[in-house]
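Here the structure is laid out as structure tokens; the discussion comes afterwards.
The values are calculated or read from the model by the stated rules, or taken from the named source; none is laboratory data. From a predicted model like this one, the values you see are computed outputs, not experimental measurements. Glycine gets a Cβ as well: all are built from the backbone with ideal geometry, and neighbour counts include every protein chain shown.
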Amino acid sequence: MPNLQNEWNKLLRKKSSIVLFCLSALFPLLVGPAIQMMQNKFGFTAFDGESFPLVILSLAVSFYLPLLLALCVSDMFAGEQEQKTLSFLLVRPLSRFKLFTSKIVCTGIYLLTLLMLVCLSSLITGAIWLENFTFSGLLISLSAFLLSWFPLMAIGILLVFLALWFGSSSKALTFSILLYLVMVVLTYLFPGIAQWLPAYDNDWYQRWINSGFTMVTMGRTIYLVSFSALFFTVGYYKFSRKEF
Amino acid sequence: MNKKVLAVAGISGLLMVGGVLSASASTSGYDLFKTAVKKTHTINSFTAHTSASLSDNGKEMYLVDSLNTANLKDESGNSNVSVTNGGTTTKVDYFSKANQTVVKSSKDDKYYVKEESEHKKEFKHKEHKDENLSPKMQKDVEAIFDALTKNYQDKITAKDIANGNTELQLDLSKNQIPTVGQAVVSFFLKNIDQRKNHMEKAEFGSLQFADLKPQLPQLTNNINVSRVVLKGVVDKNEYLVGQEATIYVSGEDVNGTHHDLVLKLANKFDQLNNSKVTNVDLTGKKVVKVQDKHTGHED
């Protein structure tokens, strides 16, 4: 895919992405032993090797990864516009559709890398420090992390659409975080409205793992896919009409 | 170009609506449950068959079975409880009126009677009054409950069974059980031996507390709640007539032996609003008056 390599290189050249990769990998490795010490001291088992990666995942999916996603997206769209580097891309013999797609795909790969890093380090932590680490637990954790890519990507595409309206990355980031916080608060205050928001599906992987293919799972999957398609389309429309 | 964008946006928008609606159509189980709980709260009298059993690696080690009749209006009720603990069965009958409680166990033929003083009764009455929430508070409680159960609401399945009853079920596997729940259960099971001693000596007449207390295996490692199944049966008048909870816990004891504990709690309501409470006739019976828990009894 043209320009994808270019986008990925740009992302990896940033010091902040390397630091965030390291932090994501370190966090479970440090939390695991701390939890184990606390559990031994007070005599309870809240986490074991099977559930530890899933607990880390639910934390990452609801707080950590959306923030990183917002940072990445606001840099990639509003940030490049602010630094006036986007115009160099636009003069290349590539259609705007290809440019837009390559940026979205790059975001997706970035997200997958983060998920896999957190997954690996929390699995290693679970295997070394915590009791009851099983092979089936490993498989469940791995598939849960992979499945979590979809709802996060839906949020990512929504954030891309949002970032296109701003001329600077800091503004785009601030508004992305605000939007995400509002969505999370809404899911608790008004469950009726919440089901129209992608943040409702933060535990989407649980539906697949626990109930498999049911009416609810299917409905939410259709929702996620069409939500992504909708915001991809209107995002592209905005991107193609924008003057830089 | 514009048409293409509009077409894609329109189709995906429609699909989105369809997805959400089809997902929420099958979540009506939660609403039915809420209506049933509210309605069942208003009943005046009922007969309830309640049982609790605990099994360890498939062997039943503890069983409580009770048949209760209660009239909530005049606060009277009776219940026949039988406790099977490791093969021995103890039967206890309770009769209670507004200010009197009678206990009879199968261990002897005495009737233990406890009268409540006026003051205490008033206090109890007041307490009972406070339980009835104002409509506004009830709404707030409902909102809090909604928010807390948010993650479980659309996992409740509803199934029509015989006699127009509906069975609601919530089946939670290990990774859906809140971490706090795991922590509390494992803490309780690990530290069970420390609480044992001071309760063991408690007794009520011929009734020893130790007879009624299950002897749980002492788990030390790998304790976790592996599954929780909650069931409810709602009848055609939207009363909650059956409740059942099954909790699966597994763990290892000091010797490394694996234990699968299954705790099953079940309750069935019957004769809603037309249950008759039969009271005990104490004439000619051996009656022991009990003053208070701490002072024991006097003949």
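Considering only the range A:20-44, state which residues are in contact with a Phe, Trp or Tyr (Cβ under 8 Å, 6 or more places away or on another chain), in a helix (DSSP H, G or I) and either within 14 Å of chain B (Cβ to nearest Cβ) or exposed (fewer than 15 other Cβ atoms within 10 Å of the Cβ) (or both).
The answer is A:Pro33, A:Ile35, A:Gln36, A:Gln39, A:Phe42.
Among the helices (runs of 4 or more DSSP H) lying completely within the range A:169-244, list those that include at least 3 residues that are farther than 30 Å from B:Lys4 by Cα. Even if it seems obvious, please write down each step before you answer.
Details: elements: A:169-189, A:191-194, A:215-241.
Helices (runs of 4 or more DSSP H) meeting the threshold: A:169-189.
Before we move on, is A:Leu69 among the hydrophobic types (A, V, I, L, M, F, W, C) and within 19 Å of the chain's Cα centre (by Cα)? Before the answer, list the steps.
Numbers: among the hydrophobic types (A, V, I, L, M, F, W, C): yes; within 19 Å of the chain's Cα centre (by Cα): yes.
Against the criterion (among the hydrophobic types (A, V, I, L, M, F, W, C) and within 19 Å of the chain's Cα centre (by Cα)), A:Leu69 qualifies.
Looking at A:Ala34, A:Ala70 in this structure, which one is of a type in the set (A, V, I, L, M) and out of contact with any helix residue (DSSP H, G or I) (no Cβ under 6 Å at 6 or more places or on another chain)?
Details: A:Ala70 fails: out of contact with any helix residue (DSSP H, G or I) (no Cβ under 6 Å at 6 or more places or on another chain).
Only one candidate qualifies: A:Ala34.
If I filter the range A:45-78 down to residues being among the hydrophobic types (A, V, I, L, M, F, W, C) and within 11 Å of chain B (Cβ to nearest Cβ), which single residue comes out as nearest to B:Thr179 (Cα to Cα)? Before the answer, list the steps.
If we filter the range A:45-78 for residues that are among the hydrophobic types (A, V, I, L, M, F, W, C), which is where we start, we get A:46-47, A:52, A:54-57, A:59-61, A:63, A:65, A:67-73, A:76-78.
The next check asks that each one be within 11 Å of chain B (Cβ to nearest Cβ); those that pass are A:46-47, A:52, A:54-55, A:57, A:59.
Working: A:Ala46: 5, A:Phe47: 7, A:Phe52: 10, A:Leu54: 11, A:Val55: 8, A:Leu57: 13, A:Leu59: 12 Å.
Only one residue tops the list, namely A:Ala46.
When the residues of the range A:185-239 are filtered to those that are free of Cβ contacts under 8 Å to residues at least 24 places away in the same chain, more than 7 Å from chain B (Cβ to nearest Cβ) and aromatic (Phe, Trp, Tyr), which remaining residue is surrounded by the most Cβ atoms within 10 Å (Cβ to Cβ)?
Ranking the candidates gives A:Tyr200 first.
Please enumerate the residues belonging to the range B:139-153 that are among the basic types (Lys, Arg) and either at the interface with chain A (Cβ under 10 Å from one of its Cβ atoms) or under 22 Å from A:Asp201 (Cα atoms) (or both). Can you show your working first?
So in the range B:139-153, the residues among the basic types (Lys, Arg) come out as B:139, B:150.
Scanning the range B:139-153 gives a single hit, B:Lys150.
Could you check the range A:134-155 and list, in sequence order, the residues that are part of a loop (DSSP other than H, G, I, E, B) and surrounded by 19 or more Cβ atoms within 10 Å (Cβ to Cβ)? Quick ask: steps written out before the conclusion?
Going through the range A:134-155, the residues part of a loop (DSSP other than H, G, I, E, B) turn out to be A:134, A:148.
Residue satisfying the conditions is A:Ser148 alone.
Going residue by residue through the range B:149-158, is there one that turns out to be more than 22 Å from the chain's Cα centre (by Cα) and under 18 Å from A:Gly212 (Cα atoms)?
Keep residues of the range B:149-158 that are more than 22 Å from the chain's Cα centre (by Cα), which gives B:154.
With the extra rule that they be under 18 Å from A:Gly212 (Cα atoms), the set shrinks to B:154.
Among the residues of the range B:149-158, at least one is more than 22 Å from the chain's Cα centre (by Cα) and under 18 Å from A:Gly212 (Cα atoms), which makes the answer yes.
Mind listing just one residue for me: the one in the range A:205-239 that is basic (Lys, Arg) and closer than 24 Å to B:Tyr152 by Cβ and, of those, modelled with the highest pLDDT?
As a first pass, look at the range A:205-239 and keep what is basic (Lys, Arg): A:207, A:220, A:238.
Narrowing further to those that are closer than 24 Å to B:Tyr152 by Cβ: A:207, A:220.
Working: A:Arg207: 83, A:Arg220: 89.
Of everything passing the filter in the range A:205-239, A:Arg220 is modelled with the highest pLDDT.
Quick check on my filter: what residues within the range A:88-133 are part of a helix (DSSP H, G or I), among the hydrophobic types (A, V, I, L, M, F, W, C) and either within 30 Å of B:Asn221 (Cβ to Cβ) or free of Cβ contacts under 8 Å to residues at least 40 places away in the same chain (or both)? Break it down into steps so the answer makes sense when it comes.
Within the range A:88-133, the subset part of a helix (DSSP H, G or I) is A:88-90, A:96-129.
Those still in the list that are among the hydrophobic types (A, V, I, L, M, F, W, C) too: A:88-90, A:97, A:99-100, A:104-106, A:109, A:111-112, A:114-120, A:123-124, A:127-129.
A:Phe88, A:Leu112, A:Met116, A:Val118, A:Cys119, A:Leu120, A:Leu123, A:Ile124, A:Ala127, A:Ile128, A:Trp129, listed by residue number.
Determine whether B:Ser22 is within 30 Å of B:Asn237 (Cβ to Cβ), among the polar types (S, T, N, Q), without any contact (Cβ under 8 Å) to a residue 12 or more places away in the chain and within 14 Å of chain A (Cβ to nearest Cβ). Break it down into steps so the answer makes sense when it comes.
Numbers: within 30 Å of B:Asn237 (Cβ to Cβ): yes; among the polar types (S, T, N, Q): yes; without any contact (Cβ under 8 Å) to a residue 12 or more places away in the chain: yes; within 14 Å of chain A (Cβ to nearest Cβ): yes.
So B:Ser22 passes the test.
Out of the residues in the range B:154-170 that are assigned to a strand (DSSP E or B) and more than 14 Å from every other protein chain (Cβ to nearest Cβ), state the one that is modelled with the lowest pLDDT. Reasoning before the result, please.
Initially, the range B:154-170 is screened for residues assigned to a strand (DSSP E or B), giving B:157-160, B:166-170.
Next, only the ones that are more than 14 Å from every other protein chain (Cβ to nearest Cβ) stay: B:160, B:166-168.
Values: B:Asp160: 84, B:Thr166: 88, B:Glu167: 89, B:Leu168: 90.
Across the range B:154-170, the extreme among qualifying residues is B:Asp160.
Considering only the range A:71-87, state which residues are surrounded by 18 or more Cβ atoms within 10 Å (Cβ to Cβ) and either free of Cβ contacts under 8 Å to residues at least 60 places away in the same chain or in contact with a strand residue (DSSP E or B) (Cβ under 7 Å, 6 or more places away or on another chain) (or both).
Hit for the range A:71-87 is A:Glu80, nothing else.
Within the range B:130-178, how many residues are among the acidic types (Asp, Glu) and without any contact (Cβ under 8 Å) to a residue 60 or more places away in the chain? Reasoning before the result, please.
As a first pass, look at the range B:130-178 and keep what is among the acidic types (Asp, Glu): B:130-131, B:140, B:142, B:146, B:154, B:160, B:167, B:171.
Checking the rest, the ones that are also without any contact (Cβ under 8 Å) to a residue 60 or more places away in the chain come to B:130-131, B:140, B:146, B:160, B:171.
Total meeting the criteria: 6.
Considering only the range B:107-133, state which residues are within 25 Å of the chain's Cα centre (by Cα) and either at pLDDT below 60 or under 25 Å from B:Met61 (Cα atoms) (or both).
Going through the range B:107-133, the residues within 25 Å of the chain's Cα centre (by Cα) turn out to be B:124-133.
Residues satisfying the conditions are B:Lys124, B:His125, B:Lys126, B:Glu127, B:His128, B:Lys129, B:Asp130, B:Glu131.
Run A:Leu57 past the list (1) modelled with pLDDT of 90 or more; (2) under 30 Å from A:Gly167 (Cβ atoms) and report the number of the one that doesn't hold.
(2)
Give me a count of the residues in the range B:25-47 that are within 9 Å of chain A (Cβ to nearest Cβ) and of a type in the set (A, V, I, L, M, F, W, C).
So the answer is 1.
Touching a Gly at 6+ places or on another chain (Cβ under 8 Å), touching a residue at least 12 places away in the same chain (Cβ under 8 Å) and more than 10 Å from every other protein chain (Cβ to nearest Cβ): is that true of A:Ser168 in this structure? Give the steps one after another, and end with the answer.
Details: touching a Gly at 6+ places or on another chain (Cβ under 8 Å): yes; touching a residue at least 12 places away in the same chain (Cβ under 8 Å): yes; more than 10 Å from every other protein chain (Cβ to nearest Cβ): yes.
Yes; evaluated as a whole, the condition is true for this residue.
Going by what's in this entry, would B:Gly10 be described as surrounded by 14 or more Cβ atoms within 10 Å (Cβ to Cβ), more than 17 Å from the chain's Cα centre (by Cα) and in a helix (DSSP H, G or I)? Give the derivation first.
Working: surrounded by 14 or more Cβ atoms within 10 Å (Cβ to Cβ): no; more than 17 Å from the chain's Cα centre (by Cα): yes; in a helix (DSSP H, G or I): yes.
Taking the combined requirement at face value, the residue does not satisfy it.
Does B:Val5 count as crowded, with 17+ Cβ neighbours inside 10 Å and either among the aliphatic types (A, V, I, L, M) or away from chain A (no Cβ under 12 Å) (or both)?
Values: crowded, with 17+ Cβ neighbours inside 10 Å: no; either among the aliphatic types (A, V, I, L, M) or away from chain A (no Cβ under 12 Å) (or both): yes.
In short, no.
Pull out all pairs, ordered by first then second residue, where Cβ-Cβ is under 6 Å, the residues are six or more apart or on different chains, the first lies in the range B:25-48 and is closer than 23 Å to B:Asn71 by Cα, and the second is crowded, with 17+ Cβ neighbours inside 10 Å and of a type in the set (Ser, Thr, Tyr).
Matching pairs, first to second residue: B:Lys39/B:Tyr239; B:Thr40/B:Tyr239; B:Ser45/B:Ser275; B:Phe46/B:Ser275; B:Thr47/B:Thr69; B:Thr47/B:Ser275.
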